[in-house]
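Encoded as structure tokens, the structure appears first; notes follow it.
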Amino acid sequence: MQQDNTPPIQYKVSAGETLYAISKRFNTTVDDLTKLNNLTSTNLQPGQVLMVHSGQQAAPQPPSVVNTTPIIAKRDSTSVVQVTKDSSYSERHLNANRFGLFEKNEKGVATWMDDPGLDANKKLVLHRTAPIGTVIKITNPMTNRTTFAKVVGTFTDNESTKDVIIVMTKSVADALGALDKRFHVDISYGSPNE
């Protein structure tokens, strides 16, 4: 590990974090963290700031470039990211939450189906790209009503689903206060990829 020649960085402890978890995140040891921060106990408090040597490489750099940009650590990220003037890399990769999900927002037309084979009380939707099992937040901008529904599959284009971003059960449409068979919606969901 290259811990001796890299300057320590500051890390803010979040609720429930342990020295062990922080040491694994930064590829260091609990012993190094306690020595560097003069800790007498392994108990941590949320908001406590620790100095951390990072044994983990940040972003790969060409060998001839000397990097003098500061390194910061963010709680919801899984790696150390260098902040540069062109921070498009950090913006792209820090939008994921701590579960590795990226929030996707879409606007478009929705339609509902009334199938006697479906339970009328369940809130289910079909979406082209969201993984099955995803829970989607759906908002009707006309009524300002919001509900959540579970993705149970995908749909293909036909006459009733032309230019539609989501197909839902009647109970979802009723919860949103839909007056017509086709209506505008804003949807938001978590996806494991950008």
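The values are calculated or read from the model by the stated rules, or taken from the named source; none is laboratory data. Everything numeric here is computed off the predicted structure, so don't read it as measured data. With ligands, DNA and RNA removed, areas are computed over all heavy atoms of the protein, side chains included. Shrake-Rupley method; radii C 1.70, N 1.55, O 1.52, S 1.80 Å.
Each part gets one Cα centre, and for region 8-37 versus region 119-152 those centres are 40 Å apart.
Legend: distances between Cα atoms for 12/104; 107/162; 104/137; 12/137; 24/104; 122/162; pairs beyond 21 Å are 12/104; 12/137; 24/104; 122/162.
Of 53, 184, the residue with the largest accessible area leads and the full order is 184, 53 (1.4 Å probe).
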